[in-house]
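Each remark here refers to the structure printed beneath this line.
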Amino acid sequence: MLSKRLQHKNIILASGSPRRQLFFKELGLDFTIQLKSIDEIFPEQYKGADITDYLAQLKAAAFKELQESDVLITSDTIVWFKDKALNKPQDKEEAFEMISSLSGNTHEVITSVCFTTPKKQITIHDTTRVTFKTLTAEEINHYIDNFQPYDKAGGYGIQEWFGYIAVTRLEGSYFNVMGLPTHKVYETLMQLADS
């Protein structure tokens, strides 16, 4: 349905994330993937969704010339815990430290998505609260060793083994934790189809 409404638009997904690419396929969208590398640095005073909004827009700014029918989609996800953004861990030690800090606690997963056309820019975000059980060192090490969570904010993927055993409570969109608030993306693209 959505793809029919967007048949005159050229959807560009600027994300190397296999999960985000799969979501777009599952939504039945025709799209191309274009990647541009940027330094994901944000102002120190920014908190929560201000960070992800800023980074999603920064990724869009790397695309200088859009054609009339183009809809560029950029996004960013962070784990927000104790007034601090947890991004992707650099190594096993950092992944262990991140997951250990989240163990037995509730954190927020925030994803922003920026939609850019030659005429306008719309940025949306969504927040999901996730609670973990108290995890053992053995469980954390098993996950890191077997699932290599280095491309995931906060060092974990909810859709993997870890999500099955660790998550005790979820408030908000499950798909947002995977990296895309699909319900809000759908609504925004429906609006853009009519513009």
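Here are a few things to note about the model shown:
- The slack between Ser17 and Ser195, meaning 0.36 nm per residue of separation minus the straight C-alpha distance, is 61.3 nm.
- DSSP bridge analysis restricted to the chain gives an antiparallel fraction near 80%, rounded to the nearest 5.
- Region 7-33-region 102-117 distance, computed between alpha-carbon centres (Å): 20 Å
- Relative contact order (percent, whole number), region 2-193, Cα cutoff 8 Å, 6+ residue spacing: 22 percent
- Taking every DSSP helix (H) stretch of at least 4 residues in the chain, weighting each as -39,500 (n - 2.57) and dividing the sum by the residue count yields a mean residue ellipticity at 222 nm of -10000 deg cm²/dmol.
- Rounded tilt (10° steps) of 137-147 against the dominant C-alpha axis of the chain: 40 degrees
- For the cross-link pairs Lys92/Lys184; Lys119/Lys152; Lys25/Lys47; Lys25/Lys88; Lys84/Lys133, the ones whose C-alpha atoms lie over 28 Å apart are Lys92/Lys184; Lys119/Lys152; Lys25/Lys47.
- Loop-located GluC sites (Glu not before Pro) in region 40-133 (DSSP state not H, G, I, E or B) with no more than 14 neighbouring Cβ atoms inside 10 Å: Glu40, Glu44, Glu65, Glu68.
No lab work stands behind these numbers, since they all come straight from the coordinates. Computed from a predicted structure; not experimentally measured. Note that we place each Cβ from the backbone using ideal geometry, even for glycine, and neighbour counts take in every protein chain shown.
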